[in-house]
1. Kindly report the accessible area of the chain per residue (heavy atoms of protein chains, probe 1.4 Å, no ligands, DNA or RNA), in Å².
2. How large is the translational diffusion coefficient of the range 200-298 in µm² per second when you combine the Kirkwood radius over alpha carbon pairs with Stokes-Einstein at 4 °C and 1.567 mPa s?
3. Enumerate the helices in the chain for which the Kyte-Doolittle hydropathy averages -1.0 or more and the C-alpha atoms extend at least 15 Å along the helix's axis, using complete DSSP H runs.
4. Which value, in debye to the nearest 20, describes the size of the charge dipole of the range 270-363 about its Cα centre when Lys and Arg Cβ atoms bear +1, Asp and Glu Cβ atoms bear -1, and nothing else is charged?
5. With the cut-off at 20 Å, report for the range 332-410 the share of all Cα pairs above it, as a whole percent.
6. Of Leu374, Thr314, Asn364, which is farthest on the positive side of the dipole of the range 239-396, counting Cα position, with +1 on Lys and Arg Cβ, -1 on Asp and Glu Cβ, and the Cα centre as origin?
7. In whole angstrom, how far apart do the alpha carbon centroids of the range 183-197 and the range 402-447 sit?
8. So if I place +1 on the C-beta of Lys and Arg and -1 on the C-beta of Asp and Glu, and nothing else carries charge, what would the dipole magnitude of the chain be about its Cα centre? I want it in debye, nearest 20.
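The values are calculated or read from the model by the stated rules, or taken from the named source; none is laboratory data. Predicted, not measured: the structure shown is a model, and the values here were computed from it. FYI the Cβ positions are ideal-geometry reconstructions off the backbone, even for glycines, and counts take in every protein chain you see. To get the accessible areas, we keep the full protein, side chains included, count just its heavy atoms, and leave off ligands, DNA and RNA. Shrake-Rupley method; radii C 1.70, N 1.55, O 1.52, S 1.80 Å.
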Amino acid sequence: MALARNSDSEEHLHSTFASRYVRAVIPRFKMPDNSMPKDAAYQVISDELMLDGNPRLNLASFVTTWMERECDKLIMESVNKNYVDMDEYPVTTELQNRCVNMIANLFHAPVGEDEAAIGCGTVGSSEAIMLAGLAFKRKWQQRRRAQGLPTDNPNIVTGANVQVCWEKFARYFEVELKEVKLSEGYYVMDPAKAVEMVDENTICIAAILGSTLTGEFEDVKTLNDLLAEKNAETGWDVSIHVDSASGGFIAPFLYPDLEWDFRLPWVKSINVSGHKYGLVYAGVGWIVWRTKDDLPEDLVFHINYLGADQPTFTLNFSKGSSQIIAQYYQFIRLGFEGYNNIMENCMDNARRLREGIEMTGKFNIVSKYIGVPLVAFSLKDSSKHTVFEIAESLRKFGWIIPAYTMPADAQHIAVLRVVIREDFSRGLADRLITHILQVLKEIEGLPSRIAHIAAAAKVSGGEEKTAKMSLEDIAKYWKRLVENKRNIVC
């Protein structure tokens, strides 16, 4: 006698992994024809996500990967609120305004006791930088038109070490990007060279507080003083924007006497990433202007179709409220004392990791003691093996550590970089040092891959091409290798 076939719901209830929803292939690039039970859908997606890396072992990223459960709960309770509906969610709007004022005061903006600071929350520092750049461009255009001068060739001066969002701004909004090149041993923008590049078409100079490459703070004070002299000599009005995406929540706590912010008169706007050392999950940044006059009014839109007049200056419209609420939670939960303790702990763990790496005797430390808590280091001898091999080998332990070459004119320097976040403990630092030592021992016993690459170059291009092999060429080889492996499940 044949057994009766179970219904879909009964089948899935009896065994998740025996159900047809988990056993059948789901279309990858088009919507399935039929529905499936919610727990089956969850299981299918959860299984695929197991192949992602562990966020807490992703030492390439500055972005926060851990928050307290109470904040996780607040995030989930507000995940269905659209921040832009300010009239419907006035308390959320108030929390954002409080955050803006807290950040403005942290950065020494000239704001009175009962005065509202000028700024807003963004999706991240990339959007914040776009908004700051647009404000500088519009102010420059207004000055030029008032003087009867052309406005068709704006430029911005940065170091070659800037994050890619600055290149995006320049390309998207038709601004020439003038980069101060780097040199071996000096991997940040030289203030004197930056001011030399300024001309009548310069909308601003962008200084970085916490270079992505080495974590180093650029000398904003010297830049401000040199720029003040040039403006006085020429009659120009070129200002400074500080990109403190990584360092804005570090400097006020660890280096309170360092002058980099609105204490300097030519600093007109500052961005900072809440989702980096602001200690919030990915999705929130902040932009603050010195005064109301530094944000042109014609860039601010006023809408009333959501119930009341609402000023808005963003590149997008709808966005979630949960990250803004999470930022406010961190501000009142931790306070100045809590942020100070966390940043000191991060720096202590960075020092421990730095000491362990130095003790191997195999690396030069490229990062500085003052800056973002990270360790960037290069091999003393790259004639047989490279930092790219070390990064690849560390993957087997779960560590995600980037290897890269420096920008122009230091392309011949290749480094590894470990970012120390709040959830990177002393125990993890010691474990990473152990694994680095193990990898070094393993690759020393392997044939040189550089020799293999050079041999391949000799076959395809002869002796001349082999002689010209550089770390940049090797980096390109490894980049292609990694790209090819991305579509392979290991």
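1. Numbers: 24910 Å² over 490 residues.
That works out to 51 Å² per residue.
2. 91 µm²/s
3. Numbers: long enough: 38-49 (17 Å, -0.33); 90-106 (24 Å, 0.10); 125-146 (31 Å, -0.69); 220-234 (21 Å, -0.50); 322-359 (43 Å, -0.48); 426-444 (27 Å, 0.18); 449-467 (19 Å, -0.04); 471-485 (21 Å, -0.95).
Span-like helices, by this rule, are 38-49, 90-106, 125-146, 220-234, 322-359, 426-444, 449-467, 471-485.
4. About 420 debye.
5. Value for the range 332-410 (Cα pairs over 20 Å): 46 percent.
6. Farthest towards the positive end: Asn364.
7. The range 183-197 and the range 402-447 have Cα centres spaced 26 Å from each other.
8. Values: 54 positive and 65 negative charges, 356 e Å.
Its charge dipole is roughly 1720 debye.
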